Every structure is written in structure tokens, then in C-alpha cells.
Amino acid sequence: MLDQDRVFTRLDAAFARFLSQRTDFGPIQKQAFENLLMTLSYEQNQGHNCIQIDEDTKALVLASGLAAALSATPDRTLPLVIEQNRLYLHRYWQYEQRLAQQIKAMTQVGQPLAEFETLLNRYFVDVIDDQREAAKMAVQQSFCIITGGPGTGKTFTVVKILALLQELAEQPLHIALAAPTGKAAMRLQESIGFSKAKLPCSEAIKNHIPESVSTLHRLLGAMPPSPYFRHHADKPLVYDLVVIDEASMVDLALMSKLLDALKPGARLILLGDKDQLASVESGAVLADLAGTGALQDTVYTLKKSHRFGGAIAQLADAVNDQHDERAWQILTDGNDAAVQCLDGDLIDYVAAQQAGYLKLIKADAEFGPVFQAFSRFQVLCSNRQGKNSVADINYRVEQKLAAQKRINLSGLWYPGRPVMVTQNNPALHLYNGDIGICMKDSVDSIGKLMVYFQRPDGSVKKYLPARLPHCETVFAMTIHKSQGSEFEEVLIALPEAINPVLTKELLYTAITRAKKSLKLVADEAVFKQTVQQKIERVTGLADKFAVPD
């Protein structure tokens, strides 16, 4: 089971040693068991829910006395579970099992509805529109998934669904809107407000559709540093309907805890792009659920893009379909200036893109225009370290801007420093992924430095740098961190050699962050190899819908 590419952590080794010491194995079997457990721990930290094992390995695990082959009720005192040819930590098997049970129960709940074809015709003038079909499905289900690429109208569709449900309900529905990150919540809130104004319904119905969007952790009531939430099966949420945007970012544990926290009879709508990156933590929940045949009546894929087209859409499709030659041709044929490989020096180009917002800062502009100007352009990297990584580009861009006298690098904090929060701080209402800009305090005569953040509700908060949780400079960010965001222009920087992080899902996610133009810095061979690598997460979630409870 050992793989030469794996680099086990001290935690992997300590976990394996702790369990192996509780067996009666001799030295040879004990070493084999430790190696297996290190692999399980490692792979779970790489995003897999479980690992595949053969019959000999299964016999070894059963002989340890620390696992049992799956039965109707696995022994909760045992740390390992074997299901078919998969080995789990008990907790992650339980997450899968609970999630599957909960979703099955929701899909079995009948929702008797009054005739609503007339309502559908009012909200969806084009009767063949796929958004109409998605809404028709969602209104009749307690649980549903609406997936689709950028510009297919997932948010616009769900706002109409909320209005439809409010019109059909005997009493106004109590609705919660949430997203995995603060940035995704902010984008959803903007979209909801824009879409709600266009609804063909009364003001009373519109008023019952919330515009406030929270993070998923805040919705559930996170209790850091513990992994527990205030809301759970014994203390459920009060909402009749919960909508989660960017659901591809939600990991197995969090999705299971969300389903646990729903009150009996509540509805759940998941929105997201199943082709994007899977969650950072374990699982590929949205992709697993969307690809499960048993749930086909609860999943609708929007395919018609209403705003995302041209070469960017063509490139995204080619990458998603793993057509590497076609994707490279789109980048290099010069037929559309919106998509091209960067011609010129990477750092010079990135530094030039910062001129607009830095000029506003020197002119003592308000934070709103500064933040808008900064957010127009973003460098996205696959890796945190190495050539063309986040650390590399951030350092070199800072040095270039300092040499050009656009910033003053006399200390860590300087006017114009863009930062990303990397640690949650609920007390300050700052969360991992939030982006702020360091500026002189507009109301302080001596111009002390403050860091300004735009909140999901559009308000602006400022903090002394010393009060902030850990932050990183963010002229460049990882593609993972960009999920839930959009930028007018994106520059994607890939490393000089292929590595396991580079996958078609990663590249697709980066491409679909760009609204107007996209530039790429990459070697042709590395780009094509990236397109050919696909995320393959080992899970048993889909299989759990193929068998009765």
C-alpha cells in the first residue's frame, strides 16, 4: 500500500502507531498494518473519503480487531469500517451513511402542489427554457440540485423558484441563503438583489425573499476551535427552505452536518457547477450526487449560457472535455483577443495591472472605488510555492512595484497592500478568503494605516493591522481560493513542470473566473498534461444510493 510519491506527516505516523499498538500482531503484520493506516490517514487528508483495499488487506484489517465488515449497524467502538472493497475511518463512513439516508428520506417526501403551470408561464415566458424545467423540478422536490456552468442562470432561476414557492405556500416560508465562503456569499447577495427586482410578482412576495446571505459556517453556528455547530439534529435550524450556492466547495463532513441541522420537512436546494474543483476537505459531494442515477429526478443541469460565451466558454468546454489540442489551439490561434497566452514579461504585466487602484489610493480615494479597481484583475496560481506560484509572484510583484515607487516597502504594512485572511475570526466577522486593502485612515488626521474590507451586505469595515487574523499578500492567489469569485480579467500562471495538483478541474475553475478576458502563462506540454489529469476521489457516497437502507 505504500506509494513512493506519498510523503507521510508526523500525524499520519502517530495515528498509525496509536492503532497498531492496540493489536496483537507480530512485527511483520504490525508494520504492514501501520503502513496501511498511514496510507488511509494520508489519503483522507488528500480529499478521499476512503481507500480501496484487496482481499488480503481486508483480512489483515479484520484480524486487527479494530474493524468489522459492514453490517446494518457497525460497532461504534471500532475506529475502522470495511464496506465492499473500501476502508474508512468510522467517522467518514458515518458521514456518507448519514448523508445518503437523509437525502433518500427527503426525496421520498411527497409535496402535493396546486396547479402551477400558470405560475410557471408567468415567471418563464419561454416555455422551452431549461430554467423553466429546472424550476418545475425544484418546486416539486424537497431536495434538489441545480448545476451548470457560469452564466447559465443558476441564481436567477433559484430566485424565481423562491418566488414560486412563496406564492404556493399557505404561510410565508422562512428562507435561508448561504454559501461556503464570504466571497461567494457576497456574490450571491448581489445576484439575489439584482434578480429579485425583475420578478413578475407582487411586492409582498418579493419582501418574503431574503437578500441577506451568510456563510454556511455562520448559518450552522460554528463553535471554533471545535468541529461542532450550535445547530444539529437535536437543535435544528428554524428555516423552511435552505439554499446553498457554490455547493461544489462543500465537503462531506460539512454537508452531512448541514443535512443533520435541517428541521423535519425542510427543503434544501444546492446550486453549483459540478465540473469545478471538489472541496478542499474530503469528498466530492456535489459531483457524486449529481452523477448518481438514483437521484436523476432531483438533479437538473442548466446548459444554455446567457452571458458567458466566446473564446472563454470555448476554452472552458475544451478543457472540461479534456480536448487538450483544441484548448491549446484556442489559446494560440489569435482569433479572439479575449483568450491568449501572455506575450511579454509576467511580472511587468502584473505590476502594470495594479496601476489603477494604486493611483486611486495615492489620490486618497474612498475604499469603494479602490476595491472595485483592484478586483478587476487577478492572478491565479495552481501552487503556493515554487516558480510561478503564489509566494513567488507576490514577492516579485511587490519588489517591482517598490522599484517603480508605486508602493513603499518600508514595513510589512503599506498603503495599497492587498491581503487575504487565512484564518477565521468570528469575533471580527472576518473569515478565511476575505480580501482587504491597507489604506490610510480617512478620518484620522495623521493618516494611520487601517485595513478595509467589504462585507457581504455591502458595508465597509476597517481594522488596525495588528488586530487582524493571519493574512497574506494577494496580488496572486491560488485557484482554490478564487472559487466563488469573478474578475473582469484573469491571468493563470502554471508551474514549469507537471505536478499532482494540476488537473482539468483546477484549470476549468480558473478559466471560468474570467468574465471578459483571460491570459495564460504556461508551457504547452504542462498545459496539455494538466488538461489530461482528472481528479479521481475515492468515495462510496454514490454507491449508497444504489442499495436500500
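The values are calculated or read from the model by the stated rules, or taken from the named source; none is laboratory data. Computed from a predicted model, the values in this text were never measured in an experiment. Here the Cβ is made from the backbone with ideal geometry for all residues, glycine too, and neighbour counts use every protein chain on show. Calculation scope for accessible area: heavy atoms of the full protein, side chains included, ligands and nucleic acids excluded. Shrake-Rupley method; radii C 1.70, N 1.55, O 1.52, S 1.80 Å.
Open to solvent by 80 Å² or more (accessible area, probe 1.4 Å), under 23 Å from Gln189 (Cβ atoms) and assigned to a strand (DSSP E or B) - does that describe any residue in the range 450-461?
The first filter runs over the range 450-461 and keeps only residues open to solvent by 80 Å² or more (accessible area, probe 1.4 Å), leaving 457, 461.
Still in the running and under 23 Å from Gln189 (Cβ atoms): 457, 461.
Within this subset, residues satisfying the condition of being assigned to a strand (DSSP E or B) are 461.
The answer is yes, given that some residue of the range 450-461 is open to solvent by 80 Å² or more (accessible area, probe 1.4 Å), under 23 Å from Gln189 (Cβ atoms) and assigned to a strand (DSSP E or B).
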Criterion (closer than 28 Å to Ala316 by Cα, in a helix (DSSP H, G or I), open to solvent by 20 Å² or more (accessible area, probe 1.4 Å) and touching a His at 6+ places or on another chain (Cβ under 9 Å)) met by exactly one of Phe156, Phe194: Phe156
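Can you find even one residue in the range 388-397 that is open to solvent by less than 50 Å² (accessible area, probe 1.4 Å), under 28 Å from Val501 (Cβ atoms), at pLDDT 90 or above and not in a helix (DSSP H, G or I)? First the steps, then the outcome.
Within the range 388-397, the first condition is being open to solvent by less than 50 Å² (accessible area, probe 1.4 Å), and the residues that meet it are 388-394, 397.
From what is left, the residues that are under 28 Å from Val501 (Cβ atoms) are 388-394, 397.
Among the residues that remain, those that are also at pLDDT 90 or above are: 388-394, 397.
From what is left, the residues that are not in a helix (DSSP H, G or I) are 388-389.
Yes: one or more hits.
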Any helices (runs of 4 or more DSSP H) falling wholly within the range 275-334 and containing at least 1 residues that are within 20 Å of Glu489 (Cα to Cα) and free of Cβ contacts under 8 Å to residues at least 12 places away in the same chain: 310-320, 324-332
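Can you tell which of Arg122, Arg98 is modelled with pLDDT under 90 and assigned to a helix (DSSP H, G or I)? Full working, then the answer.
Numbers: Arg98 fails: modelled with pLDDT under 90.
Every option except Arg122 fails the conditions.
Considering only the range 439-449, I want to know if a residue exists there that is of a type in the set (Val, Ile, Thr), surrounded by fewer than 16 Cβ atoms within 10 Å (Cβ to Cβ), within 24 Å of the chain's Cα centre (by Cα) and assigned to a loop (DSSP other than H, G, I, E, B). Spell out the reasoning first.
We begin by selecting, within the range 439-449, every residue of a type in the set (Val, Ile, Thr); these are 443, 446.
Now drop any that are not surrounded by fewer than 16 Cβ atoms within 10 Å (Cβ to Cβ), which leaves 443, 446.
Of the ones still in play, those that are also within 24 Å of the chain's Cα centre (by Cα) are none.
The answer is no, given that none of the residues of the range 439-449 is of a type in the set (Val, Ile, Thr), surrounded by fewer than 16 Cβ atoms within 10 Å (Cβ to Cβ), within 24 Å of the chain's Cα centre (by Cα) and assigned to a loop (DSSP other than H, G, I, E, B).
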Matching residues, the range 352-410, being touching a Leu at 6+ places or on another chain (Cβ under 9 Å), of a type in the set (Phe, Trp, Tyr) and over 20 Å from Val490 (Cα atoms): none
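Are any residues in the range 373-387 of a type in the set (A, V, I, L, M) and assigned to a helix (DSSP H, G or I), and if so, which ones? Reasoning before the result, please.
In the first step, residues of the range 373-387 are kept if they are of a type in the set (A, V, I, L, M); the result is 373, 379-380.
Once the filter is applied, which keeps residues that are of a type in the set (A, V, I, L, M) and assigned to a helix (DSSP H, G or I), the range 373-387 yields only Ala373.
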Contacts under 8 angstrom Cβ, first residue in the range 395-424 being acidic (Asp, Glu), partner in a loop (DSSP other than H, G, I, E, B), 6 or more apart: Glu398/Ile407; Glu398/Leu409; Glu398/Phe475
Residue list for the range 354-381, restricted to those being crowded, with 19+ Cβ neighbours inside 10 Å and touching a strand residue (DSSP E or B) at 6+ places or on another chain (Cβ under 7 Å): Ile361, Phe367, Val370, Phe371, Phe374, Phe377, Gln378, Val379, Leu380, Cys381
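Could you tell me whether Thr509 is within 30 Å of Leu40 (Cβ to Cβ) and either under 24 Å from the mean Cα position of the chain (by Cα) or open to solvent by 50 Å² or more (accessible area, probe 1.4 Å) (or both)?
Details: within 30 Å of Leu40 (Cβ to Cβ): yes; either under 24 Å from the mean Cα position of the chain (by Cα) or open to solvent by 50 Å² or more (accessible area, probe 1.4 Å) (or both): yes.
For Thr509, the condition - within 30 Å of Leu40 (Cβ to Cβ) and either under 24 Å from the mean Cα position of the chain (by Cα) or open to solvent by 50 Å² or more (accessible area, probe 1.4 Å) (or both) - is met.
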Of the criteria (1) in contact with an Asp or Glu (Cβ under 7 Å, 6 or more places away or on another chain); (2) under 18 Å from Tyr431 (Cβ atoms), which one Ser226 fails: (1)
For Ala13: the one exception among (1) open to solvent by less than 30 Å² (accessible area, probe 1.4 Å); (2) within 27 Å of Leu289 (Cβ to Cβ): (2)
Long-range neighbours under 7 Å by Cβ, at least six apart or interchain, first residue among the charged types (D, E, K, R) within the range 499-512, second outside any loop (DSSP other than H, G, I, E, B): Lys504/Val319; Lys504/Asn320; Lys504/Thr530; Lys504/Val531
Where a residue in the range 24-41 is more than 18 Å from Pro79 (Cα to Cα) and its partner, wherever it lies, is of a type outside the set (Gly, Ala, Ser), with Cβ under 7 Å and at least six apart: Gln29/Leu60
Residue selected from the range 480-501 under the condition among the aliphatic types (A, V, I, L, M) and at pLDDT 95 or above, by the criterion surrounded by the most Cβ atoms within 10 Å (Cβ to Cβ): Leu494
Some residue of the range 295-306 being in contact with a strand residue (DSSP E or B) (Cβ under 9 Å, 6 or more places away or on another chain), within 24 Å of Leu502 (Cβ to Cβ) and at pLDDT below 95: no
